[in-house]
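Contents: one structure, followed by commentary.
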Amino acid sequence: RTAGFGLLLPLIAALAGGLLLQCRQMADPSTATNPGMNPDMKGWFVEVNDQWPGQAMAIKVEEVLFEGSSEYQRCGVYKTATYGNMMTLDGVIQSTQRDEHAYHEMMAHIPMFVHPNPQSVCIIGGGDGGVMREVMKHSCVASADNCDIDNVVVEQSKIHLKHLACGFDDPRAHVTVGDGMAFIASKTAAYDVIIVDSSDPDGPAGTLFGEAFYKAVHNALKPGGIVCSQGECMWLHLDLIKSMMDFCRGLFGNVGYAFTTIPTYPSGQIGFLISSKEEGVRLDVPVREPSDEMQDKLNYYSPEIHSASFVLPEFARKKLGVARRKK
């Protein structure tokens, strides 16, 4: 969810006079200027956004570690009172140290364990490194590409979110700073698994939610390939999720929707849109399982929660046209 992608913004850059990176290192949260640092609630980051109207999330901030602007978005990194270090983009929480595993482990391991032998992996977005960290736990992986449009996200994660960016240190990991749509469109039958860890569609990641992008993803997958994408929140974005599932059903052999619970994301929940290139693939049943050693290091994912995450509440199941699981 951390990476902003898809739309390169030359017009905006030109109007801004060639916006350069501006950053400040600060200790006093009351002087913060990033969206979310509400001057009326000094010391609190308050997430208010039109994408989830009528609700807000507030996090107590102890220290501002970084605030800056890239060509694409504003980035903030904060030391919080109860959630560890937190990254935001354009005033929207992307990850916190306390609960990030609920997202990154599920985003990575659901598609990875559905594939029998994923050797080549691509991550679009994910500039904080959390998905790469989890992908690198699979010894079968020979190479993993990570393309993120915003180098500020990558670099600040290496400085302040080392618990996430550690995956970039693996020699199998290859990081490219560039447009995700262009990157994936240049590949044909290149990857066993593609993971789209994008930010929300209201911003530079907008193209990563469209049919043209998923046609390129389909082309970039090897036979038997699996794709997993950030699938927004069923409590807030059910119409968007349905539209994405509908066009993916016209492209892929099987399409499913799973979810995880995570307290600092809107409504405490976020989903995953998962598709297989071939028909007949059970997305809700892992074909491999973590070793005992790997499972001991995981904080959220397990084979049991993999399957359980596909069981949707009735309002979502009916809207998305998902059949009830047979006993």
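Just give me the residues in the range 71-81 being out of contact with any Cys (no Cβ under 9 Å at 6 or more places or on another chain) and either part of a strand (DSSP E or B) or surrounded by fewer than 21 Cβ atoms within 10 Å (Cβ to Cβ) (or both), in sequence order. Glu71, Arg74, Gly76, Val77, Tyr78, Lys79, Thr80, Ala81 - these are the residues of the range 71-81 that are out of contact with any Cys (no Cβ under 9 Å at 6 or more places or on another chain) and either part of a strand (DSSP E or B) or surrounded by fewer than 21 Cβ atoms within 10 Å (Cβ to Cβ) (or both).
Residues in the range 235-246 that are open to solvent by less than 40 Å² (accessible area, probe 1.4 Å) and part of a helix (DSSP H, G or I): Leu238, Ile241, Met244, Met245. One residue stands out among those in the range 79-108 that are among the hydroxyl-bearing types (Ser, Thr, Tyr) and more than 18 Å from Asp150 (Cβ to Cβ): the one that is nearest to the chain's Cα centre (by Cα), which is Tyr103. Output yes when any residue across the range 257-264 is free of Cβ contacts under 8 Å to residues at least 40 places away in the same chain, assigned to a loop (DSSP other than H, G, I, E, B) and either over 21 Å from Ile184 (Cα atoms) or aromatic (Phe, Trp, Tyr) (or both), and no when none is. No, because not a single residue in the range 257-264 is free of Cβ contacts under 8 Å to residues at least 40 places away in the same chain, assigned to a loop (DSSP other than H, G, I, E, B) and either over 21 Å from Ile184 (Cα atoms) or aromatic (Phe, Trp, Tyr) (or both). Taking the range 225-256 as the range and being under 13 Å from the mean Cα position of the chain (by Cα), at negative phi and free of Cβ contacts under 8 Å to residues at least 60 places away in the same chain as the test, the residues that pass are Ser229, Gly231. Which of the residues spanning the range 211-265 are over 23 Å from Ala144 (Cβ atoms) and polar (S, T, N, Q)? Ser243, Asn254, Thr261, Thr264 - these are the residues of the range 211-265 that are over 23 Å from Ala144 (Cβ atoms) and polar (S, T, N, Q). I'd like to know if the range 276-297 contains one or more residues that are under 15 Å from Ala102 (Cβ atoms) and touching a His at 6+ places or on another chain (Cβ under 9 Å). Within the range 276-297, not a single residue is under 15 Å from Ala102 (Cβ atoms) and touching a His at 6+ places or on another chain (Cβ under 9 Å). Scanning the range 269-279 for any residue that is of a type in the set (Asp, Glu) and surrounded by fewer than 13 Cβ atoms within 10 Å (Cβ to Cβ) turns up at least one such residue.
The values are calculated or read from the model by the stated rules, or taken from the named source; none is laboratory data. What you see is a predicted model, and the numbers here were worked out from it, not measured in a lab. Reconstructed Cβ throughout: ideal geometry from the backbone, glycine too, with neighbour counts over all protein chains shown. Note: accessible area is taken over every heavy atom of the protein model, side chains too, but ligands, DNA and RNA are not part of it. Shrake-Rupley method; radii C 1.70, N 1.55, O 1.52, S 1.80 Å.
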